[in-house]
1. More than 18 Å apart: what percent of Cα pairs in segment 159-232 qualify?
2. Expressed in nm to one decimal, what extension gain is obtained for the pair ASN75 and LEU140 from 0.36 nm per residue of sequence separation less their Cα-Cα distance?
3. Before I look further, what does the chain give for accessible area per residue, probe 1.4 Å, in whole square angstrom?
4. Restricting attention to the alpha-carbon atoms of segment 78-140, what are Rg (one decimal) and Dmax (integer), both in Å?
5. I need the per residue convex hull volume for segment 23-88, using only the alpha carbons, in cubic angstrom as a whole number.
6. Given segment 191-237, what whole percent of its Cα pairs are spread farther than 17 Å?
7. Over the chain, one equal point on each Cα, no solvent: what is log10 I(q)/I(0) by the Debye formula at q = 0.09, 0.11, 0.13 Å⁻¹?
8. Taking all protein chains as present, what is the carbon and sulfur share of the accessible area of the chain, in % to the nearest whole number, probe 1.4 Å?
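The values are calculated or read from the model by the stated rules, or taken from the named source; none is laboratory data. The structure presented is a predicted model; accordingly, all values stated were derived computationally and were not measured. Quick note on the areas: whole protein, heavy atoms, side chains included, nothing else; ligands and nucleic acids left out. Shrake-Rupley method; radii C 1.70, N 1.55, O 1.52, S 1.80 Å.
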Amino acid sequence: MTQRDQLYEGKAKKVFLTDDPELLIVHYKDDATAFNGLKKGQIAGKGVINNKMSNRLMMLLEKEGIPTHFVREINDRDTIVKKVSIVPLEVIIRNIAAGSFSKRYGVAEGVVFDSPTIEFSYKNDELGDPLINDYHALALKIASEADIAQIKKYAFLVNEKLKAFWKECGVTLVDFKLEFGKTSDGTIVLADEISPDTCRLWDSKTGEKLDKDRFRRDLGGVEEAYEEIMKRLSAHI
Ligand code: ADP
Ligand code: UDP
């Protein structure tokens, strides 16, 4: 496997072509952004933690029958993934009110839902990732009805599996964002990453935030939180 030209540099990762047209190499950086890139910073060691955590969680999900882009971890920061055409939807599942949900609907953070919610944002930085519904996604030709149904099914299944896993680690899965993509044969797979950058993870006993909200909200102890959540995960897989 030889790394070729850089395909893309995002806010948290770089993506490289390889000599295999079906495969990419993803490189995880320590760069952190929030509020659509308005707040910028670095979280020392984050790239290593997010790479390893995302890979382990994707392996767990594969075992549970959810197809993912994960192929092989090459080193601390680099992973080979299947090249997909990303469906430009941020798929957000919530178990507990927090963040933009609390703000938008005037609900206190921490209110537990009877059943999980799903929402889609149109993945478009220039437009600020606006919230959209299924009908908007169809109108914008972002995805077909069948694709949306499949994505929803996988997203709720991911929630059940991850909620149970984090519970074993003494962590409550509050909410998270997923991205899906299509491989060259049209199969929908889970792509991008699952990490403290993309999930809200609270200590089950104390409610302490062990995720990127520490960076977003200037709570301090950012690196320590990433290390703690990685330690919890490593003790269980
Ligand atoms: P952003 O684009 O939001 O700044 P990142 O820095 O995480 O995000 O960049 C990674 C980019 O790679 C994202 O745009 C993501 O959609 C894309 N991506 C993730 N997994 C794959 C994959 N398997 N194939 C192609 N693109 C991918
Ligand atoms: N999220 C993400 N990327 C985004 C927006 C949200 O990974 O561009 C994740 C975020 O980490 C949280 C969940 O999706 O776990 C819900 O985020 P929310 O809509 O509450 O937005 P925020 O409060 O981060 O603006």
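1. So the pairs more than 18 Å apart make up 43 percent of the total in segment 159-232.
2. Separation in residues times 0.36 nm, less the Cα-Cα distance, equals 19.5 nm.
3. Result: 48 Å² of accessible area for each residue.
4. Radius of gyration, then largest Cα-Cα span, for segment 78-140: 14.6, 42 Å.
5. For segment 23-88, the hull spanned by Cα atoms encloses 102 Å³ per residue.
6. Every Cα pair in segment 191-237 considered, those over 17 Å come to 30 percent.
7. -0.36, -0.55, -0.79
8. 52
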